[in-house]
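J.: Handing you this structure, nothing more for now.
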Amino acid sequence: MDPQLRSGMWHHPGMAGTSRADSRLVQLCAHLETLNTRQLRVGIIDLVARGLVPDPSDLEHAFGVPPGSLGTDLPAGDGTPDPAVLLLSGIDNLLGRIESGEFERDEDQWPYRHDRDWWEDDDDDYYDDDPSWQVEFEALVRETDQFFAQGDLVTASIAYGRLLRQLADEDLWDYGISPWRVIEVDIERTKSRYLRAVYETTPATERSEMLLNAARALAGIDAGNPESASLTAIVKARRNKIRDLPEFLEGWIQALRSVEDPTFTSRRDDYLTEAAEMSGGVDSLGALARTDGARNPRFWLRWLQAMAETRSLDEVTAAASEASGHKLSGALQAEVHDLVGTVAARTDPEIALEHCKLAFRCGPSHSRLCLLVAAIQDTIQHSPELQTASPGRRQRRRSESPATTRDALSLKLAEQSDWIAGKRPEGLAGRDEALPLAALHVAAGRIDEAACLLDSERRSSWRFDDPRPLIIPLLLASCCPQWPPTETRCLLSKQVSTKVAALGDAPGAQLRLPGSQSTRVDAITAETTTAARRGATVLKQQITAVLAADAGGLDRSTLLTRMAAAMSSIDDEVDEVLSAKQREVYPRVAKLVVASAEVIAMSGSDDRARQRILDVRDRYPRHTAFKKAIEEATGSSPLFGSPGSSAAAKRRR
């Protein structure tokens, strides 16, 4: 920079007597030294365009240039318009038209269809905006990408910032001007590039504050993505190695801790985790958990993840004990046990089983039930008796009697079932817990315990977590004279097969957390998913074996109790569905009614079975759609024909 110009700035009368201003001016001068003439020109034009310099003539006078020289049409050295200036002018033009409402449709242009409610209309043309703005917006982003790729980070920072701030304006979202409508460019990558440009073009002493302000301005367009514009993504946004990262991280952590904005809390904690892991690895994450864990207990889990990558099982277990001493919620405590159980499964099946038990007790879920079953099977397969036997005998013991393994599995599951029943004597369960608890009780051979969940708090009919579609068919199946039934094409057999098969679809593990720098977490997730799938297969086989053992072996009192519970629940379901006029559910509840009649028919009471169907059908004479569903379900059963036909008589002959 020209020494005379620097001197003039240094002695600016507005700066006199302010040491902080002097310090900032020194930093600014040092930064300006690194910029070329073109970058300075673009920056000055940006100040004028944003109205930060009220009168451009003041700048022209200060720099001693002819009037009008600093206008937006300033030519480049060869007389052609500067591409950076053209880009910024194009952005200003588009944003001005958006602000003026050019892309909003008038009310009489809305493609509203009077035969449908607004929430049922999935036509993209329904939205009251003109989609042409997206084409221009995406073209400007791609043009800015070229400046970023060429290393013109000043222009890229200005252009990205203006475009993204427009998308973050929630007042425009109702008019369709939102990040979710931009589909031809990667908004997440654009945000990462913008923040990298801010990092590179800001003096080191102000970098933390400036980057934090830029990140907070974009918080509204995260769209719930935990990896959105992460620190890792910022670092990887350019191939060039990022400058001064260790020094930056120290100030970055301090700046993040000073933020108290509740709308930025989640993003701030993600950044804190990344910064701690980048700066000091496992030890820094442990320190973060101890200092900030009371505010955000998930820091403990993130520390344990890092421990699992490099430390021994004893160290991970000790860290889990320390974390558990800080009053973690049940859900978070379950995740801690999930993690330790997965690590322990590599070397110690007994410890893995204990943590799987604790995880299921803290937060019952289908995946945790599958992991529990897999852990029980591992302890059976690695029992001391088998480990000390000769290889030949060990192989024979493992394959000679599947029933022995099932019995051992039932005993272990029964312990868990007893514990759950003791904690919930009324059979009540939370909304997300009822289905896995029902599967646990059935796999343990405690179908009557599962039936208690039918009296739990009523849920919306046929929710994904409703246990009734699982429990009712299994109750009916346990009351059959034999299982599988002779007539394998009956409706009940199909329903049970469908529900049991669904238990074999184990959901993936949920250990992936934002801010992780290591691929080891992905390996832990893979291990957990593999174990859950293996456990799901065993769970499916176990439930099938329990049904086969119960069918035909129940005493009369238990048989009557189970049938009464199943039929009462089916009647309640029918009444609930018809009262709410849930026509899409009519076929399913109609098949349940016919399935209950099939059990009666299998016991040799054809007339009572037929009467069961007619009683339910005639109970709702005005519901013609339901009556039709009953008739279709009855006709599809190989044990019956349509009501009034002689199919049952033919079957007797």
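The values are calculated or read from the model by the stated rules, or taken from the named source; none is laboratory data. In this text, all values refer to a predicted model and were calculated from it rather than measured experimentally. Cβ coordinates were reconstructed from backbone atoms using ideal geometry, including for glycine residues, and neighbour counts include every protein chain displayed. Surface accessibility is based on the protein's heavy atoms, side chains included, excluding ligands, DNA and RNA. Shrake-Rupley method; radii C 1.70, N 1.55, O 1.52, S 1.80 Å.
J.: If the chain between Ser568 and Ala580 were fully stretched, how many nm would it gain, using 0.36 nm times the residue separation less the Cα-Cα distance?
T.: Gain in length upon complete extension: 2.5 nm.
J.: Translational diffusion coefficient, Stokes-Einstein: compute it for the range 545-594 using the Kirkwood radius over C-alpha pairs as Rh, at 25 °C and 0.890 mPa s, and state it as an integer in µm² s⁻¹.
T.: 197 µm²/s
J.: May I ask which of Lys591/Lys627; Lys494/Lys540; Lys499/Lys540; Lys412/Lys540; Lys540/Lys591 have a Cα-Cα span longer than 19 Å here?
T.: Beyond 19 Å between Cα atoms: Lys540/Lys591.
J.: Got a number for the accessible area of Lys412? Probe 1.4 Å, square angstrom, nearest 10.
T.: Looks like 70 Å² after rounding.
J.: Can you give me the distance in nm between label points at Asn213 and Ser258, each placed 7 Å from the Cα along the Cα-to-Cβ direction?
T.: The two pseudo-label positions are separated by 1.2 nm.
J.: Express in Å², to the nearest 10, the accessible area of Met278 obtained by rolling a 1.4 Å probe over the protein heavy atoms while all chains stay in place.
T.: The accessible area comes out at roughly 60 Å².
J.: Given labels modelled 7 Å from the Cα in the Cβ direction, how far is it in nm from Ala204 to Ser603?
T.: Simple spin-label model gives 8.4 nm for this pair.
J.: At 0.36 nm per residue, minus the direct Cα-Cα distance, what do Ser324 and Asn93 gain on full extension? Give it in nm, one decimal, please.
T.: Answer, rounded to one decimal: 77.5 nm.
J.: List the GluC sites (Glu not before Pro) within the range 176-218 that fall in a DSSP loop (any state other than H, G, I, E or B) and whose Cβ has at most 12 other Cβ atoms within 10 Å.
T.: The qualifying sites are Glu184.
J.: What are the extents of the Cα atoms of the range 185-286 along their three principal axes, in Å, largest first?
T.: Result for the range 185-286: principal-axis Cα extents of 37, 32, 24 Å.
J.: Still on this structure, please answer the following. Sticking with the crude label model, points 7 Å out along Cα→Cβ, report the distance from Ala625 to Ile183 in nm, one decimal please.
T.: That separation, rounded to one decimal, is 3.1 nm.
J.: Each residue of the range 434-445 in turn: what ³J(HN,Hα) in whole Hz from Karplus with 6.51, -1.76, 1.60 and θ = phi - 60°, glycine and Pro shown as x?
T.: Ordered by residue, 3J(HN,Hα) equals 4, 5, x, 5, 4, 5, 4, 4, 5, 4, 7, x Hz.
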